[in-house]
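Asks: The structure follows.
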Amino acid sequence: MTASQSFPRSFDALPAIFDFTSGEFARQGIDPRLLATIDLAVEELFTNMVKYSTGTDARVLIGLNGIAGGVEVTLTDYDVEPFDVTKAPDVDVNLPIEQRRPGGLGLHLIRRLMDSVEYEYSEASRQSRIILRKTLAGA
């Protein structure tokens with residue numbers, strides 16, 4: 001059963017987001033060993049939405065659903081331009097720090113931590129959706 005809640009486009013919403021995820025993990029009986037990984041991914045994606053989609057004040061909808069052996073989380077952002085997180089360039093973590101460009105490490109980490117990351121965009125509604133899946137088998 002998917003539970004969802006919308007959050008204001010503000011860094012101040014992070015504690016409420018963490019309350020939502022931990023509450024849903026408990027309510028839906030999702031293995032708590034996955035919570036820290038999900039919270040890290042949700043925090044990274046949500047803060048990117050707040051930081052980079054400044055042309056809107058629309059709330060961000062977060063959905064959470066227990067699946068076999070894990071969890072699926074959906075972040076839906078409204079009235080935004082497309083940004084496909086699955087196509088963002090990989091960061092070369094082997095480069096010396098002096099040669100690295102800022103940015104991209106969070107998305108790099110999310111793609112490594114999750115079992116799957118999907119992106120959908122509707123031009124008609126200017127709506128962006130990111131779907132994350134994580135199971136213990138993929139841990």
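Read-outs throughout are calculated quantities, based only on the coordinates presented, and are distinct from any laboratory measurement. Bear in mind that the values here come from a model prediction, so they are computed numbers and not experimental data. Every residue, glycine as well, gets a Cβ built from its backbone with ideal geometry; the counts of neighbours run over all protein chains shown.
Asks: Can you put 21, 47 in order of Cβ neighbours within 10 angstrom, beginning with the fewest? Display every interim value, and only then the final one.
Replies: Numbers: 21 23, 47 14.
Neighbour counts put them in this order, fewest first: 47, 21.
Asks: Whole-Hz ³J(HN,Hα) for each residue in segment 25-32, computed from phi via Karplus 6.51 cos²θ - 1.76 cosθ + 1.60 with θ = phi - 60°, x for glycine and proline: what do you get?
Replies: 4, 5, 5, 8, x, 7, 4, x
Asks: Here's something else I'd like to know. I need the phi-derived Karplus couplings for segment 65-77: 6.51 cos²θ - 1.76 cosθ + 1.60, θ = phi - 60°, integer Hz, Gly and Pro marked x.
Replies: Listing the rounded values in order: 9, x, 10, 4, x, x, 8, 10, 10, 10, 10, 10, 10 Hz.
Asks: Within segment 1-94, list the trypsin sites (Lys or Arg not before Pro) lying in a DSSP loop whose Cβ has at most 11 other Cβ atoms in a 10 Å radius.
Replies: Values: sites: 9, 27, 33, 51, 59, 87; in loops: 9, 59, 87.
Sites meeting the loop and neighbour criteria: 87.
Asks: When the Kirkwood hydrodynamic radius is evaluated over all pairs of different C-alpha atoms of segment 3-135, what value in angstrom, to one decimal, is obtained? Mind dumping the intermediate values first?
Replies: Details: mean 1/r = 0.0648 Å⁻¹.
One decimal place: 15.4 Å for the Kirkwood radius.
Asks: Another question about this same structure. Per residue of segment 34-42, what does 6.51 cos²θ - 1.76 cosθ + 1.60 with θ = phi - 60° give for ³J(HN,Hα)? Whole Hz please, x for Gly and Pro, Karplus curve as stated.
Replies: Running phi through 6.51 cos²θ - 1.76 cosθ + 1.60 with θ = phi - 60° gives 8, 4, 4, 5, 5, 4, 4, 5, 5 Hz.
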